[in-house]
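The values are calculated or read from the model by the stated rules, or taken from the named source; none is laboratory data. These numbers were taken from a predicted model, which means no experiment stands behind them. Here Cβ is always computed from backbone atoms with ideal geometry, including for glycine, and neighbour counts include all displayed protein chains.
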Amino acid sequence: MNRQIIDLGVSNAASWHGILELLHRLCGGAADISYGDRVVSGFRLPSLEIRLDDPARLIPPDRQGTVHVWHDCAVAFGAGVPDVPAGDVYLMPECGAAATVYHAFLSLTELLAALGTTLDRTTFQWAWYSIPLAPFCDDLAKTQARWQAAASGGAVCSLWMRCENDELIRSALHSLPPCGEIRIHNLKTANTLIAGTLQTDCLTKAFGLE
Amino acid sequence: MQQYSVNEAAAAIIERQVLSDTERLQIKAKRLANGATVLDFGVHSKGGFLAGKYFAEIGMGGLGRLTYGTMRLRDHLVPSVQIFVEAPAVCEMASHVAFWKLPYRGGQAVISGPVRAIRGADQFARAVGYRDPAPSKAVACIQTGELPDEELCELISEGCGVSCENLYLLAARTGCMAGAVQVCARNVEQSMPTVYDHGFPMDKIVEASAVTPLVSMTDDESVAYGRVNDCLIYGQETNLYVRCDDKEITGMLDQLPFSKNDSSVYGVPFYELFAKCGNSWANVPRDWDAPCKINFINLTTGHVFSTGQICTDVLERSFMGERGMKL
């Protein structure tokens, strides 16, 4: 089995750069991904900025406990190399920069999957996603809550798609759980429909910025 | 700079980075019967963020870099296109500027890109002393909804003196991501000819950068065209780093930005303005192709000057569309 084990911070210092390489791979290379910054209550925090050329193909992983299985690789939290089908394995600590960036990316995959339950995914053309990277800490539960807050209150997503009818989009947006601000730009009608809003107060509290 | 070939540099990007990666970039390359290579960056191809970045950087002859960022549009964050330019006179005036007009099928084809630097194809290319030193290849770009054919390639070839077999022609429509990105990347490209029109010497512009909000696109090519031009005239901000006397800047500041036009023009979406001109650039007054905002940073004096303003009203209308809504 020709497999690589890539350590994103378990026993070395790799984190910020390595995780971007992973995300690029998970997008099939069809993405421009970078770090930016977002201001939350006067704190300039790093953000993850994703520009997707093929949002239709980005499917969430199969979660098997602390192992996430993607179509051609796996992500595992902790030091142990999991027993998964052939493919590279990326190891990362449960908390930390790499895990925070990874979970920020996951929130986009979950948002697209949620939209795909009511809209035709094959019509998704391009997507842009900006999400503040939550202040992670050694407390896993606290960090996980902050990841969730970032996704539900701090993320901004633009999705360009084709739909015959703006009403279908409206209906899809109504059915979404809180996900920050989501805008769908209908290429057919030239209209934009927006749902959700940035929850700065909640983010401030969740991030411990008070 | 006289030894640097914008066409060779652009061709190198195409041959080393683009042609081997067309599937990932979601573009197509086609060799025509006359040997010219047409690169479909978004006519029939999808044309996304990655393709748009390459289109712009190729058009700048390897002297410009595009990065994506974020801007605030009132209550909304929107993606933005940032351009960083070296040797602005060569990068923009001699290469990137879209001003070489070729009579084609009863109208005109507007060509941009390094090809303009071979013979100084138009007034802006001729405004600078740079000529591409004996390029073996020519690279041209066009914003169009139809894939270029042999006839257009032969016109370009005759005009620049490089054979069709050694010509690359990049094409993208406006109503796709790559098309919108490459137009939004024409921020410095829009500012420099405006500054030139007012007599400012191009060799006094040392560096340049700019940012444009990427607000909207749509399948309707004419609506897309209007909206992406709104991004430039109402939303782009250019920084020009210059060495000159402050008076050379202050003397022209009021005349530069799009906001100098009266209310019958300023505040009107470009879609409507263009329609008033019969949807032909030949009828568009020169003053209407003006940048939103320019900052001059004078390296000689340390002073900074600014002119123009962002118009969020028009940009927000473009962002939302006529019947957009916030749920």
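Is one or more of the residues making up the range A:159-167 in contact (Cβ under 8 Å) with a residue 12 or more places away in the chain, part of a helix (DSSP H, G or I) and touching a Leu at 6+ places or on another chain (Cβ under 7 Å)?
yes
So B:PRO103 clears everything in (1) within 20 Å of the chain's Cα centre (by Cα); (2) farther than 23 Å from A:TRP128 by Cβ except one condition, right? Which one?
The number of the failed condition is (1).
Which of the residues spanning the range A:66-105 are over 28 Å from B:CYS176 (Cβ atoms), in a helix (DSSP H, G or I) and among the aliphatic types (A, V, I, L, M)?
Matches in the range A:66-105: A:ALA97, A:ALA98, A:ALA99, A:VAL101.
Look at the range B:101-159 and say how many of its residues are of a type outside the set (A, V, I, L, M), in a strand (DSSP E or B) and touching a Gly at 6+ places or on another chain (Cβ under 7 Å).
3
Across the range B:251-288, which residue is surrounded by the most Cβ atoms within 10 Å (Cβ to Cβ) among those that are hydrophobic (A, V, I, L, M, F, W, C) and not in a helix (DSSP H, G or I)?
Among those residues, the one meeting the criterion is B:LEU256.
Just one of (1) over 28 Å from B:LEU253 (Cβ atoms); (2) out of contact with any His (no Cβ under 9 Å at 6 or more places or on another chain); (3) assigned to a helix (DSSP H, G or I) trips up B:PHE319, so point out which.
Every condition holds for B:PHE319 apart from (2).
Looking at (1) out of contact with any strand residue (DSSP E or B) (no Cβ under 8 Å at 6 or more places or on another chain); (2) in contact (Cβ under 8 Å) with a residue 60 or more places away in the chain; (3) closer than 30 Å to A:ASP166 by Cβ; (4) small (Gly, Ala, Ser), which is the only condition B:SER222 fails?
(2)
Name the residue that is surrounded by the most Cβ atoms within 10 Å (Cβ to Cβ), counting only residues in the range A:160-197 that are within 10 Å of chain B (Cβ to nearest Cβ) and of a type in the set (Asp, Glu).
It comes out as A:GLU181.
Tell me the residue from A:ALA155, A:ALA114 that is modelled with pLDDT of 95 or more, over 19 Å from A:ALA190 (Cα atoms) and either surrounded by fewer than 19 Cβ atoms within 10 Å (Cβ to Cβ) or over 12 Å from the mean Cα position of the chain (by Cα) (or both), please.
Of A:ALA155, A:ALA114, the one residue that is modelled with pLDDT of 95 or more, over 19 Å from A:ALA190 (Cα atoms) and either surrounded by fewer than 19 Cβ atoms within 10 Å (Cβ to Cβ) or over 12 Å from the mean Cα position of the chain (by Cα) (or both) is A:ALA114.
When the residues of the range A:36-90 are narrowed to those that are aromatic (Phe, Trp, Tyr) and either free of Cβ contacts under 8 Å to residues at least 24 places away in the same chain or under 13 Å from A:LEU22 (Cα atoms) (or both), which ends up surrounded by the fewest Cβ atoms within 10 Å (Cβ to Cβ)?
Checked the range A:36-90; the qualifying residue surrounded by the fewest Cβ atoms within 10 Å (Cβ to Cβ) is A:TRP70.
On the basis of being closer than 17 Å to A:ARG183 by Cβ, part of a strand (DSSP E or B) and either of a type in the set (S, T, N, Q) or in contact with a helix residue (DSSP H, G or I) (Cβ under 9 Å, 6 or more places away or on another chain) (or both), does A:ALA127 make the cut?
Taking the combined requirement at face value, the residue satisfies it.
Any idea which of (1) touching a Pro at 6+ places or on another chain (Cβ under 9 Å); (2) farther than 28 Å from B:ASN279 by Cα is the one B:PRO88 doesn't satisfy?
(1)
Which residues, taken from the range B:285-327, are within 14 Å of chain A (Cβ to nearest Cβ), over 21 Å from the mean Cα position of the chain (by Cα) and not small (Gly, Ala, Ser)?
Correct list: B:GLU316, B:ARG317, B:MET320, B:GLU322, B:ARG323, B:MET325, B:LYS326, B:LEU327.
Which members of the range B:2-56 meet the condition of being assigned to a loop (DSSP other than H, G, I, E, B), within 21 Å of A:TRP126 (Cα to Cα) and touching a Ser or Thr at 6+ places or on another chain (Cβ under 9 Å)?
Matches in the range B:2-56: B:GLN26, B:ILE27, B:VAL43, B:SER45.
Looking at B:MET202, B:MET192, B:MET217, can you tell me which residue is within 18 Å of B:PRO79 (Cα to Cα) and touching a residue at least 40 places away in the same chain (Cβ under 8 Å)?
So the residue among B:MET202, B:MET192, B:MET217 that is within 18 Å of B:PRO79 (Cα to Cα) and touching a residue at least 40 places away in the same chain (Cβ under 8 Å) is B:MET217.
Looking only at residues that are over 13 Å from the mean Cα position of the chain (by Cα) and either among the hydrophobic types (A, V, I, L, M, F, W, C) or not in a helix (DSSP H, G or I) (or both) in the range A:130-152, which one is nearest to the other protein chains (Cβ to nearest Cβ)?
Looking at residues that are over 13 Å from the mean Cα position of the chain (by Cα) and either among the hydrophobic types (A, V, I, L, M, F, W, C) or not in a helix (DSSP H, G or I) (or both), I get A:PRO135.
Considering each of B:LEU299, B:LEU327, B:LEU240, B:LEU273 in turn, give the residue that is within 20 Å of B:GLN82 (Cα to Cα) and hydrophobic (A, V, I, L, M, F, W, C).
B:LEU240
Say we look at the range B:63-77 and pick out the residues that are away from chain A (no Cβ under 11 Å) and surrounded by 22 or more Cβ atoms within 10 Å (Cβ to Cβ); which of these is farthest from B:THR174 (Cα to Cα)?
Across the range B:63-77, the extreme among qualifying residues is B:LEU63.
Could you pull out the residue among A:THR143, A:THR122 that is surrounded by fewer than 20 Cβ atoms within 10 Å (Cβ to Cβ) and modelled with pLDDT of 95 or more?
Only one candidate qualifies: A:THR122.
For the range B:131-184, which residues satisfy the criterion of being within 14 Å of another protein chain (Cβ to nearest Cβ), in contact with a Ser or Thr (Cβ under 7 Å, 6 or more places away or on another chain) and either among the small types (Gly, Ala, Ser) or surrounded by fewer than 17 Cβ atoms within 10 Å (Cβ to Cβ) (or both)?
Hits for the range B:131-184 are B:GLY175, B:ALA180.
Among the residues of the range B:168-224, count how many are among the hydroxyl-bearing types (Ser, Thr, Tyr), modelled with pLDDT of 95 or more and part of a helix (DSSP H, G or I).
3
Criterion first (modelled with pLDDT under 95, within 14 Å of chain B (Cβ to nearest Cβ) and within 25 Å of B:PRO213 (Cα to Cα)) does A:THR200 satisfy it?
So A:THR200 passes the test.
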